[in-house]
Amino acid sequence: MTSQHPASSTGEPQEDPHWEIEGEFLALRGRWTLRRLTGAIDTVREGLRQAGRDRPWDLRGIERLDSVGALVIWHAWGGALPKDARLGAEQQAIFQRFATLETPSPPRQPWGLWARLEALGAHILGVGGDLWGLLLLLGALLTEFWRALRHPRHFPWREISATIVRTGPDSLPILSLIGFLIGIVISFQSAPTLASYGANIYIVSIAGLSILREFGPLITAVILAGRTGSAFTAQIGAMRVTEELDALRTFGISPVQRLILPKVIALAITLPLLVVWTDAVAILGAVIVAKLDLGIGVGFFLREMPVMVPNFNFWLGICKGVLFGILIAWVSGYHGLKVQPNTDSLSRETTDSVVLTLTLVIVIDAVLAMIFANTGISVG
């Protein structure tokens with residue numbers, strides 16, 4: 001009779017999993033548990049496979065058998081219960097349960113054209129689901145807004161003011177830097193061409209139109225989509241992870257009313273004001289370049305700008321600011337509510353929120369540019 005103790009490390013071989021050859025049987029002894037097998041599972045499995053080849057097995061001498069030990073023996077058998085094995089009643093039940101389990105086969109991966117069509121279909125369905133969810137949230141926002149107007153005491157004034165404070169002043173430094181540089185770049189790139197044709201005065205029209213009509217609201221919306229929109233999604237998503245949204249619903253408080261509606265109203269107020277600020281610092285940059293490169297005085301630039309750039313362009317930029325503010329809060333709130341109670345979903349929805357917001361901002365800006373292409377352009 002031979003004996004092996006491949007998992008012996010405690011000085012108690014009678015408890016460690018081991019096997020002995022008794023006559024024609026391979027007899028297993030000891031405690032076949034995770035604690036005793038840790039660090040030697042592969043060695044034990046291979047040793048059993050070699051020792052038990054062409055021999056019947058006897059497991060009745062095992063003192064304790066858990067699922068890990070049973071799985072090691074099962075793999076040594078090759079995933080099939082030997083007919084001549086000697087087992088106890090509990091051991092028989094464990095291995096019969098293993099025999100009834102089916103190993104799941106990996107899903108069949110489509111290939112070629114079908115794989116691309118399937119991916120395209122899944123993407124279209126996902127976009128359609130997001131659009132439907134956004135429409136449902138828009139309806140809920142309008143309903144809550146109308147209810148708040150009918151009951152002013154329940155209007156979320158405190159949440160609105162807190163959101164304005166967090167999103168407005170804190171965004172001024174980055175908007176000042178970006179706006180100032182945008183004004184400098186526009187004028188700096190236009191100055192050589194205008195000077196070559198002797199049309200220096202038209203720097204006023206070019207800078208005014210591009211800043212007030214397009215770059216002011218667009219740059220402000222892009223900065224707030226990345227800065228504030230992502231923060232909104234992360235805030236609401238974190239409340240989903242920590243089950244705070246469920247607590248609000250338990251107390252009969254609508255998350256749309258308390259979390260999303262105040263953000264929509266606050267950004268509809270804040271973003272147009274930030275657009276005005278961005279316009280001002282961008283024009284300041286354009287004025288400096290016009291003075292240094294083209295010799296156009298500051299007073300002349302500011303005096304001629306209302307003449308050459310109709311007021312319509314300024315108000316169009318302000319309206320874009322209101323629209324973009326509502327859009328940023330709306331989309332970020334929707335993706336915040338979509339977050340599942342895990343961190344992976346939180347990061348994914350935050351990213352999707354920023355991407356979708358930026359896409360919609362650029363698309364809407366392009367559509368408005370085409371609609372108002374012939375409005376506010378002529379010199380007054």
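Numbers for the structure displayed
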read-out: The stretch 278-328 - percent of accessible surface contributed by carbon and sulfur, probe 1.4 Å; value: 75 percent
read-out: Cα principal axis extents for the chain, largest first, Å; value: 111, 59, 47
read-out: Low-density loop positions, chymotrypsin sites (Phe, Trp or Tyr not before Pro), the stretch 193-245 - DSSP coil, at most 16 other Cβ in 10 Å; value: Tyr197
read-out: Ranking by accessible area, most exposed first, for Phe312, Phe188 with a 1.4 Å probe; value: Phe188, Phe312
read-out: Cα-centred dipole magnitude for the chain, charges only on beta-carbon of K, R (+1) and D, E (-1), debye, nearest 20; value: 960 debye
read-out: Order of exposure, largest accessible area first, which applies to Phe25, Phe372, Phe301 with probe 1.4 Å; value: Phe372, Phe25, Phe301
read-out: Positive-pole candidate from Phe95, Thr278, Gly61, dipole of the chain, charges at beta carbon; value: Thr278
read-out: Carbon plus sulfur fraction of accessible area for the stretch 116-166, probe 1.4 Å, in percent; value: 70 percent
read-out: Heavy atoms of Leu337 accessible to a 1.4 Å probe, total area in Å² rounded to 10; value: 40 Å²
read-out: Per residue accessible area of the chain, 1.4 Å probe, in Å²; value: 55 Å²
read-out: Whether the stretch 214-272 is rounded, prolate or oblate, judged on the alpha carbon gyration tensor where a/c under 1.5 counts as rounded; value: oblate
read-out: With Cα atoms, 0 to 90° folded angle of helix 112-150 axis to the chain main axis; value: 60 degrees
read-out: Exposure ranking of His151, His123, His335 by accessible area [1.4 Å probe, largest first]; value: His123, His151, His335
read-out: GNM result for the chain, Cα springs below 10 Å: residue of Gln257, Gln340, Gln96 fluctuating most strongly; value: Gln96
read-out: Partners for Lys320 among lysines (Cα-Cα distance below 28 Å; same-chain residues under 8 apart left out); value: Lys263, Lys338
read-out: In degrees, nearest ten, helix 261-294 long axis to first principal axis of the chain (Cα); value: 60 degrees
read-out: The chain - mean residue ellipticity at 222 nm from DSSP helices (-39,500 (n - 2.57) per run, n ≥ 4, rounded to 500); value: -22000 deg cm²/dmol
read-out: Pairwise FRET efficiency - Ala199 versus Trp114, Cβ, R0 = 56 Å, nearest 0.05; value: 0.45
read-out: Under-5 Å amide H pairs with Trp57, H placed in peptide plane, nonlocal only; value: Leu26, Ala85, Arg86
read-out: Of Ser205, Trp146, Thr163, farthest towards positive along the dipole that unit charges on Lys, Arg, Asp, Glu beta carbons give the stretch 143-213; value: Trp146
read-out: Phi to ³J(HN,Hα) by Karplus 6.51 cos²θ - 1.76 cosθ + 1.60 over the stretch 37-53, Hz, x for Gly, Pro; value: 9, 4, x, 10, 4, 5, 5, 5, 4, 5, x, 4, 4, 6, 6, x, 5
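The values are calculated or read from the model by the stated rules, or taken from the named source; none is laboratory data. As the structure is a computational prediction, the values presented were derived from the model and not from experiment. Cβ atoms come from the backbone with ideal geometry, glycine included; neighbour counts cover every protein chain shown. All accessible areas refer to the heavy atoms of the entire protein, side chains included, with ligands and DNA or RNA removed. Shrake-Rupley method; radii C 1.70, N 1.55, O 1.52, S 1.80 Å.
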